[in-house]
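The values are calculated or read from the model by the stated rules, or taken from the named source; none is laboratory data. Note that this is a predicted model, so its numbers are computed, not measured. A quick note on method: Cβ atoms are made from the backbone with ideal geometry, for glycine too, and the neighbour counts reach across all protein chains shown.
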Amino acid sequence: MKLLITSRSKSLVAFSHDLFMLAISFAFSLALRMDVTDAAAIPPLSLFPAWATFILIGIGTFWMLDFYRGTWRYASMNDLLNIIKASTLIMLLFLPILFFWNRLEDIPRSSLIINWFILIFLLGGPRMIYRTWKDQGVRRLMEKDSHLRVPVFLIGFDDIAEAFLRHITRDLASAYEVVGILDPTGQEAGRRMHDLPIMGPLNKLQEALDKVSLRNRTPQRIIVSKVLDRDSMQLINDVAANNNLSIERLPNPTEFKSNLGSDIEVKPIAIEDLLGRQQAKLDRLAMEKLISGKRVLITGCGGSIGSELSRQVSSFKPAHMTLLDSSEFNLYSIDMEISETYPELKRDAVLGDVRDTSRLNQIFDRFKPELVFHAAALKHVPLVEANPVEGVHTNVLGTKNTADACRRVGVKTMVLISTDKAINPPNIMGASKRLAESYCQAMDLVGKDENSTRFVTVRFGNVLGSTGSVVPLFERQLKIGGPLTVTHPEITRYFMTIKEAVELVLQTMTLGTTMASKDAGKIYVLDMGEPVKITDLAKQVIRLGGFEPDKDIKIEFTGLRPGEKLYEELFHETEPLIPTTHNSLKLAKPRIVNQELLTHSLEKMTQLIHDKKRDEIIRLLSQLVPEYDGVHKNNTDTKTELQKQAQAII
């Protein structure tokens, strides 16, 4: 109630001010135009009705434009534009009324133009003076108590950096005091922002920190206004580590709780920020057009990729969404989240396993999806290596069952989520995913006409934060004091965030639906950037935790696990990459397996899985994926024979 009264009181004061300014602007413009020393030139009393009309029009205009929702404390250029708009509208309304009334006989017409300028000045001037006075007052208070604030060094010369500076200047409770600013490009070096000199470029960061420490307070933190490229973020991280400084970042514009400049919450730098991946430009209109009003089914909806797919697909307002997962808890969790975020969305949460053909067909017959995202898979290399029957069953036959169901009910597009581990796979997980790719390729080549199901395969590397990924493991190890375990000093991997991966998957679907028939069977490869050394990643996690690598927290090398590769690849050496209309997506042309032979082999695989014949499953997998050698290394004769059989099939 108190807040309401205060707000109304402030609006009443502002209204009274504007009413007074309306009145004197009219009188002052006439006084400037006429010779007030000459009694004959003084405006007659007949002008008082016109004066009153002018004031009434002004009051109505202010009310119509909702003039008093803003506050003088935060008067800005937008407020000045609104004042110009209101003044112009007042004059445009007043002029014809006065013309029809007395043909402007008593008022010089030029006085109306003068009145327009005076009115803008009288309405806008006090607002800007008040804001300047308040800002200076806050700044003086801030200077008085600056020793209580944390001195920070700001990297960035953009709107977000300016908004942050403006915010902490006004907020008496702010914990920060900016003592130095650096423009990473160096183009603005020598200029000033909020009376602070701009330094730069980024390679002079250490020099800039030294200068600030000498002439001002020594920074305790570095705050980055936006995530830069990986090399730049690595440089900042190294300098921060050398100076024992923590790194934080300002939120992106989409992360602000309200309008730019309020509720700016500084966030700790996350490991994905240090990767420095630039945000890909996405065709969201094409995504929405593709998904909106469609029936969508997502397999493995409760997993890392599947759950993010469910969130993003839901935002595009499908007609119905079927959430399919074999894990009750995962299915319950994502279903509850979607129900809370999108309560109007029609959806069904269905327990089912893609390995169960009859159950899968029942689900497809019931919901008749138009778009299918197949994210269900077993992806952990050591676990699949130890359980090859289950891995092949889920990754190969589960994909075959899903693809067959899509073709049978007339799904428009199916997207298979694949992995970089399918390239030259040394493990069962990668080989099983490559075989799944082969089946979808073959299916896509069979049906090239407009009414056939399109099978789109998208391949990408490791996803930060996904279940079982290395970063959560490092964070758990860090909490208990280490050591952080890395399998090999030279091991590298490609990384991207879950959100970015899923956004590009959706972008892939929009391209895949319009793919030319000549590109059927090709595989989309996401631009994963440069590979990251896992040892460097471990060191960054340690530094972000406030520790020194190899001093406070050790890194131990445990040796490569069964089936693990030192370097991952996104495409085979025999797969030429073809550019697409999107910079972050390329097309690879892997070798195509004859569909008839592949179908026959998978029928045999189905029987072997049913009989749990582990060795024969691995042997057949080696035949179908020649790059994978799952047969015992010493059995040279068997290996040679299998390679001959593989050449006959491929």
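Summary table
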| quantity | calculated |
| --- | --- |
| Selected residue (only one of ARG170, ARG166, ARG221, ARG217 is within 17 Å of SER246 (Cβ to Cβ) and at pLDDT below 80) | ARG217 |
| Among (1) modelled with pLDDT of 85 or more; (2) under 21 Å from LYS533 (Cα atoms); (3) part of a loop (DSSP other than H, G, I, E, B); (4) not acidic (Asp, Glu) - the single one ARG476 does not satisfy | (3) |
| Matching residues in the range 398-422 - criterion: being closer than 10 Å to PHE364 by Cα, surrounded by 24 or more Cβ atoms within 10 Å (Cβ to Cβ) and either without any contact (Cβ under 8 Å) to a residue 24 or more places away in the chain or of a type in the set (Lys, Arg) (or both) | none |
| Some residue of the range 186-194 being free of Cβ contacts under 8 Å to residues at least 40 places away in the same chain, closer than 30 Å to ASP536 by Cα and not in a strand (DSSP E or B) | yes |
| Selection status of ASP536, acidic (Asp, Glu), at pLDDT 65 or above, touching a helix residue (DSSP H, G or I) at 6+ places or on another chain (Cβ under 9 Å) and not assigned by TED's automatic domain parsing to the domain that holds ARG355 | yes |
| Residue among SER310, SER333, SER339 that alone is within 19 Å of LYS368 (Cα to Cα) and either modelled with pLDDT under 85 or part of a helix (DSSP H, G or I) (or both) | SER310 |
| Those residues of the range 327-373 which are of a type in the set (Phe, Trp, Tyr) and free of Cβ contacts under 8 Å to residues at least 60 places away in the same chain, in sequence order | PHE329, TYR332, TYR342 |
| Which numbered condition PHE67 fails, given (1) over 52 Å from the mean Cα position of the chain (by Cα); (2) under 17 Å from PHE121 (Cα atoms); (3) of a type outside the set (Ser, Thr, Tyr); (4) modelled with pLDDT under 75 | (1) |
